[in-house]
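The values are calculated or read from the model by the stated rules, or taken from the named source; none is laboratory data. None of these values were measured; they are calculated from a predicted model. Note: ideal-geometry Cβ built from the backbone for every residue, glycine included; neighbour counts use all protein chains shown.
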Amino acid sequence: MKKYIIAGSVALLLVIGLVWVIVQNEPTSVSGGKEVAMAKDPVCGMEVSKKGSPSTVHMGKTFYFKSEGCKSRFNEDPMKYMNN
C-alpha cells in the first residue's frame, strides 16, 4: 500500500511540474488582473502586448510592434527582421 502512495505522489508531482513548464512557456503578462498575450517586436526586441499594439501581416504571419516607427522600419525591409 505504501508503494502505491509513493508512486501516486511522484506521478502527481510530475504532472504539476509539466503544467508549470507549459504555463511558463506561454508569453503572457498580467494587466488589470487579466492575462494579456505578448509578442516580441522583431525590430527593437521589446515584449509588447498583442492587444492594441501596431501590427502587420507578412507571409501569413502577424507581427506586433512597440511603435508605428518600428512597424514602418519592418515594412521597409521585412526580411531583415524575419528571424529576430
Practice prompt. Report yes if some residue within the stretch 42-59 is in a strand (DSSP E or B) and at pLDDT below 70; otherwise report no.
Written response: no
V43 passes all but one of the listed conditions (1) touching a Lys or Arg at 6+ places or on another chain (Cβ under 9 Å); (2) without any contact (Cβ under 8 Å) to a residue 40 or more places away in the chain; (3) not basic (K, R); the exception is number (2)
All-but-one check, F63 against (1) at pLDDT below 95; (2) assigned to a strand (DSSP E or B), failing number (1)
